[in-house]
Amino acid sequence: MRYDVAIVGAGVIGCAIARELSRSLATVALIERDVEVGLGTSKANSGIIHGGHRAHDGTLKAATEWRGNQLWGELAKELPFGFERVGDLTVAFDEADLAVLHETLEQGRRRGVTGLELWDAERLRREEPNLSHEAIAALHAPSAGVVNPYEACFALAESAVRNGVDLKLEHAVEGIDRDGDGFVVRTSRGDVAARFVVNAAGLFGDAVARMAGASAPTIRARKGEEYLLDKRLAGYVGRVVFPTPSGESKGILLIPTYDGTLMVGPTAHWTADHGADTTDLDTTAAGAAEVFAGARRLAPGIAEADCIAEFAGLRAVADGEDFVIGATEVAGFLNVIGIQSPGLTAAPAIAQDVVALLAAQGLELEPDDAFVPGLEAPVRAAQLDFEELARVARGDPAFGRIACRCERVTEGEVRAAIARGARTMDGVKFRTRAGMGRCQGGFCAWRVMSLIAEATDTPIPAVTKKGGGSWIARVRTDAAERSDAPDAPDGTREVAHG
Amino acid sequence: MAKPAPLDLRRRYDVVVVGGGPAGLGAAVGARDAGAEHVLVVDREPEAGGILQQCIHHGFGLHHFKEELTGPEYAQRFLAQVTERGVDVLTDAYVLDVDRDRRVALLSQDHALAPVDAGAVVLAMGARERTREAVRIPGSRPAGVMTAGFAQKLVNVAGYLPGKRVAILGSGDIGLIMARRLILEGVEVVGVFELMPHANGLSRNVVQCLHDFDVPLHLSTTVVRVHGRDRVDRITVAPVDEALRPVLSRAWDVACDTLLVSIGLIPDNELARHLGVRLDPVTTGPVVDSTMQTSRDGVFACGNTVHIHDLVDMVSQESYLAGSAAGGFVTGRHTPADNVRLTPGANVRYTVPTTISTDREHTVYLRVQKPMTDCVLRLGDVHAKPLRYVVPAEMVTLKVRPRFLEAFHGGTLTVSVETREPASTKGAAA
């Protein structure tokens, strides 16, 4: 069949576009090279829904940020993912900072951002007593929030699929050929024909554009390292805290994540060879030093000793720093690339804009009367009171078995996550929190591996952390050498050696 | 294997023990022996016995049973004692909460959510391993970085291998045991890297697991970077200076597909924290008195959830005491309250318990901060015990007998380990 639209890349942008298109009768293929959606930049970021007042005037960022902020509120009513408008603060330490805050306040008001307020030192200390007493003022944006970005991706993709989108995982795009008035997208798992192609390939956006013969600015990878602090510090700040910005970077932030963990970061540095390395997800000693120095400037009580986990993510940065959204010289091929911060915030607005662009190019958008906006929320045993948990556990005994003791995740939740698309340990972890706690999976990993193996009919050595060659266990030497070994099916060795 | 019939769970138990590892089983035996009639052990795993079940090597029980057993054998001895005494063991179950009135909220597959009233509660949740995240190793986050205990479960319980070429960070006992275990399974172990200038496991393990198998032990060396996108492909290691800072100019790369982390255990204190019992900032486990009672009446604790032990034999001893005290609590047996506080002094990190009583004999467990030879363990100025050597990896025990305290009328005794001075040697040895 030929699809109306093929979307390349199932990050938050691709998933949001797919879900927006699924409101119509247009046929859509969502193509992703990874084994699950949202495992790239969309997973590893600050998880902030920005207030909408910060992006510079005249940019696409500014045109989509506030709208996106508002649309997240709508999405959160329909789909199950962690989202809360905790508000944010931009803190000034001197008169020069204060002048910037006044400008930002005016800029935000012009854009219609509601609730912006300048707080003096006294108010700031009352609201956030753990922040530095050196701060002289702060700009408060109550509309800003935090989101679990991976949950949002999973929910958007699942909703899109429920409403008819074909999700093609582990389809690495290898070429894009013109075919009549449409395209054939060549992938590692066969061809996908489509009238329109939307390039939402993130870090690989320029490469995908080149495959189609379309021009695109160079995309470079700017790395951000983030550090998660012990739950001991939950509630240390109530809002996302920014320093007054200087230059492109928003600086080192304090982020009270939706799950209650305090996170500090991110750094902003090109990966090796000025951003050309799209695989560099290393955290570094220098990055940690920078993050904790920045965090301590905002809240002097924060210590590196409280770090319990760390990660790095890569921003897809286009030359010129702005988003690149729109038609190209190749009719029917659209770029949606260079979506760096505040791309997560802007995602729902970008999705609406892209659908409008497709309509302008001739895509018919007849509403799908059968469109179901909602999605049932997964059970979260840790958030249920005892009565509710008892009821769920009586209904299905798997909810009476704890799989992950640190985060109190039941086997029923793990099974449900797999049924809803989790294929890897990270997929289960980011859907259920199993393995995210203090033991970092030491106790539950084997049980989760076994459940994935059982539910997906996969041998244990083929169960991975995050797809590709990220195997966790291999067969014993003696078993591997025996031809009748039950756990050494064809392909196991390649997996194990990959 | 046929699934045993679901346990006929009572609404009220004299003693509920949280955790069915060696500590929990020991406590259950102690509670029954002290007269508690109905005792329940709750365990998270499908089978009780705790981590012993995956410790298939021998070396357990030398103190307690005067013979050398494997982990599962040691567990079996206690499981038999528990069965003999009619203790109820509920597996695959989880304690969600214990409220002020010691009502225990139990979640299990067979009973969904069951409330159980407990006369006394014993916390015996054990410990968890410190992870890579706890020591903050920079680099990538591929598959193949795992705790030694997880690797042990993979190999000994599940029957898989963690990799082909393994490096080990930390010389904790589990890492040492796993070095030998993996070699026996045909896995290459490229070396053990230990931050400290001394090994962190028992000396017998260093000899039997590393020296006997020619596994290099790199002291004062640590892992400074993990490499590999999907799976570990190498690590960078570097020597450290006196302040334990890596000397990066002398770093080198080690090819491996697996990094086992064996850098110590931390008491599993989530439930204790949730209950609001006082925790010791040094051990991170509950503060306990000489009967192993926590800061909450009728709530006792023992084993690795209180402080990390080297030998399961000591756990059994400590938890039997905790169990008998819990049994005594519900049967109304009166034990005089503690009247002496123990304070850690020179070269002592902590003591368990933190208080003792002058009327009876106690075993005090402690750990030192740094190695020392020809030293003396002092209990204030009432008692001194010469020790040939002390190392942080090996727990020190001190029997405190009532006669030491006959002439003592103060409220606090400082426990310290000091170098033996020629003048005091004679007195201490006397």
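The values are calculated or read from the model by the stated rules, or taken from the named source; none is laboratory data. Since we're looking at a predicted model, the values are computed, not measured. Don't worry about glycine lacking a Cβ; one is built from the backbone with ideal geometry, like all the others, and counts go over all protein chains shown.
When residues of the stretch A:429-449 are filtered for being in contact with an Asp or Glu (Cβ under 6 Å, 6 or more places away or on another chain) and facing another protein chain (nearest Cβ under 10 Å), how many remain?
The number of residues fulfilling the criteria is 3.
Restricting attention to the stretch B:105-125, which residues are at the interface with chain A (Cβ under 10 Å from one of its Cβ atoms) and not aliphatic (A, V, I, L, M)?
Those that are at the interface with chain A (Cβ under 10 Å from one of its Cβ atoms) and not aliphatic (A, V, I, L, M): B:Ser108, B:Gln109, B:Asp110, B:His111, B:Pro115.
Does A:Ala398 qualify as being part of a helix (DSSP H, G or I), surrounded by fewer than 22 Cβ atoms within 10 Å (Cβ to Cβ) and either in contact with a strand residue (DSSP E or B) (Cβ under 9 Å, 6 or more places away or on another chain) or at the interface with another protein chain (Cβ under 8 Å from one of its Cβ atoms) (or both)?
yes
With the requirement that a residue be without any contact (Cβ under 8 Å) to a residue 40 or more places away in the chain and within 14 Å of another protein chain (Cβ to nearest Cβ), what does the stretch B:155-186 give you?
Within the stretch B:155-186, B:Val155, B:Ala158, B:Gly159, B:Tyr160, B:Leu161, B:Leu182, B:Ile183, B:Leu184, B:Glu185, B:Gly186 meet the criteria.
Which pairs turn up if I take residues in the stretch B:80-106 that are in a helix (DSSP H, G or I) and look for partners that are of a type outside the set (D, E, K, R) with beta carbon separation below 6 Å, at least 6 apart in sequence or on another chain?
Pairs that qualify, where the first residue is in a helix (DSSP H, G or I) and the partner is of a type outside the set (D, E, K, R), are B:Gln81/B:Val29; B:Val82/B:Leu25; B:Val82/B:Ala28.
Can you go through A:Ala221, A:Ala207 and tell me which one is in contact with a strand residue (DSSP E or B) (Cβ under 9 Å, 6 or more places away or on another chain), outside any loop (DSSP other than H, G, I, E, B) and within 14 Å of another protein chain (Cβ to nearest Cβ)?
From the options A:Ala221, A:Ala207, the qualifying one is A:Ala221.
Restricting attention to the stretch B:393-419, which residues are surrounded by fewer than 17 Cβ atoms within 10 Å (Cβ to Cβ), assigned to a loop (DSSP other than H, G, I, E, B) and not charged (D, E, K, R)?
Hits for the stretch B:393-419 are B:Ala407, B:Phe408, B:His409, B:Gly410, B:Gly411.
What is the residue count in the stretch B:36-74 for residues that are over 24 Å from B:Thr91 (Cα atoms) and of a type in the set (Gly, Ala, Ser)?
The total comes to 2.
Across the stretch A:450-461, which residue is farthest from B:Met125 (Cα to Cα) among those that are within 12 Å of chain B (Cβ to nearest Cβ) and out of contact with any Phe, Trp or Tyr (no Cβ under 9 Å at 6 or more places or on another chain)?
The extreme case among them is A:Pro459.
Let's see how each residue does on (1) within 14 Å of chain B (Cβ to nearest Cβ); (2) under 24 Å from A:Ala96 (Cβ atoms); (3) in contact with a Leu (Cβ under 6 Å, 6 or more places away or on another chain); (4) surrounded by fewer than 18 Cβ atoms within 10 Å (Cβ to Cβ):
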| site | (1), (2), (3), (4) |
| --- | --- |
| A:Lys250 | no, yes, no, no |
| A:Ile255 | no, no, no, no |
| A:Gly260 | no, no, no, yes |
| A:Trp270 | no, no, no, yes |
| A:Thr283 | yes, no, no, no |
| A:Ala286 | yes, no, no, yes |
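For every residue, the table says whether it meets (1) crowded, with 22+ Cβ neighbours inside 10 Å; (2) under 21 Å from A:Val237 (Cβ atoms).
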site	(1), (2)
A:Asn45	yes, yes
A:Trp66	yes, no
A:Glu106	no, no
A:Arg110	no, no
A:Trp119	no, yes
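Just checking, how many residues over the stretch B:30-58 are part of a loop (DSSP other than H, G, I, E, B), more than 13 Å from chain A (Cβ to nearest Cβ) and over 19 Å from B:Tyr74 (Cβ atoms)?
5
Taking the stretch B:364-392 only, how many residues are assigned to a loop (DSSP other than H, G, I, E, B) and either in the same structural domain as B:Asn200 (by TED's automatic domain parsing) or not small (Gly, Ala, Ser) (or both)?
So the answer is 7.
Could you list all residues from the stretch B:196-223 that are out of contact with any Leu (no Cβ under 6 Å at 6 or more places or on another chain) and assigned to a loop (DSSP other than H, G, I, E, B)?
B:Met196, B:His198, B:Ala199, B:Asn200, B:Leu202, B:Asp214, B:Val215, B:Pro216, B:Leu219, B:Ser220
Hey, B:Ala337 hits all of (1) crowded, with 19+ Cβ neighbours inside 10 Å; (2) outside any strand (DSSP E or B) but one; which does it fall short on?
Status for B:Ala337: all satisfied but (1).
Confirm whether A:Ala327 is touching a strand residue (DSSP E or B) at 6+ places or on another chain (Cβ under 7 Å) and not assigned by TED's automatic domain parsing to the domain that holds A:Asp181.
no
Determine if the stretch A:245-255 includes at least one residue that is under 18 Å from A:Ala10 (Cβ atoms), hydrophobic (A, V, I, L, M, F, W, C) and at pLDDT 95 or above.
For the stretch A:245-255, residues under 18 Å from A:Ala10 (Cβ atoms), hydrophobic (A, V, I, L, M, F, W, C) and at pLDDT 95 or above: absent.
Given (1) touching a residue at least 12 places away in the same chain (Cβ under 8 Å); (2) surrounded by fewer than 22 Cβ atoms within 10 Å (Cβ to Cβ), identify the lone condition not met by A:Gly58.
Going through the list (1) touching a residue at least 12 places away in the same chain (Cβ under 8 Å); (2) surrounded by fewer than 22 Cβ atoms within 10 Å (Cβ to Cβ), A:Gly58 breaks only (1).
Regarding B:Asp289, is this residue in a strand (DSSP E or B) and not β-branched (Val, Ile, Thr)?
no
If you scan the stretch B:299-327, which residues turn out to be outside any helix (DSSP H, G or I) and more than 15 Å from the chain's Cα centre (by Cα)?
B:Val299, B:Phe300
State all residues of the stretch A:150-208 that are among the basic types (Lys, Arg) and free of Cβ contacts under 8 Å to residues at least 24 places away in the same chain; if no residue qualifies, say none.
Across the stretch A:150-208, the qualifying residues are A:Arg186, A:Arg189.
Among residues belonging to the stretch B:4-59 that are within 23 Å of B:Leu311 (Cβ to Cβ) and among the β-branched types (Val, Ile, Thr), point out the one that is surrounded by the fewest Cβ atoms within 10 Å (Cβ to Cβ).
Applying the filter and picking the extreme gives B:Ile56.
Taking the criterion of being more than 11 Å from chain B (Cβ to nearest Cβ), closer than 21 Å to B:Val261 by Cα and modelled with pLDDT of 95 or more, would at least one residue in the stretch A:468-476 satisfy it?
no
I need the full set of residues from the stretch B:135-152 which are within 7 Å of another protein chain (Cβ to nearest Cβ), hydrophobic (A, V, I, L, M, F, W, C) and in contact (Cβ under 8 Å) with a residue 40 or more places away in the chain, in order please.
B:Ala143
Which residue, of A:Val372, A:Val448, A:Val428, is in the same structural domain as A:Leu21 (by TED's automatic domain parsing) and at pLDDT 95 or above?
Only one candidate passes the filter, namely A:Val372.
Residues B:Val187, B:Val116: which one is at pLDDT 95 or above and closer than 30 Å to B:Gln293 by Cβ?
Selected residue: B:Val116, the only one of B:Val187, B:Val116 that is at pLDDT 95 or above and closer than 30 Å to B:Gln293 by Cβ.
Within the stretch B:129-170, count every residue that is under 22 Å from the mean Cα position of the chain (by Cα) and closer than 28 Å to A:Pro459 by Cα.
16
For the stretch A:306-317, state whether one or more residues are surrounded by 22 or more Cβ atoms within 10 Å (Cβ to Cβ), under 30 Å from A:Ala6 (Cα atoms) and within 14 Å of another protein chain (Cβ to nearest Cβ).
yes
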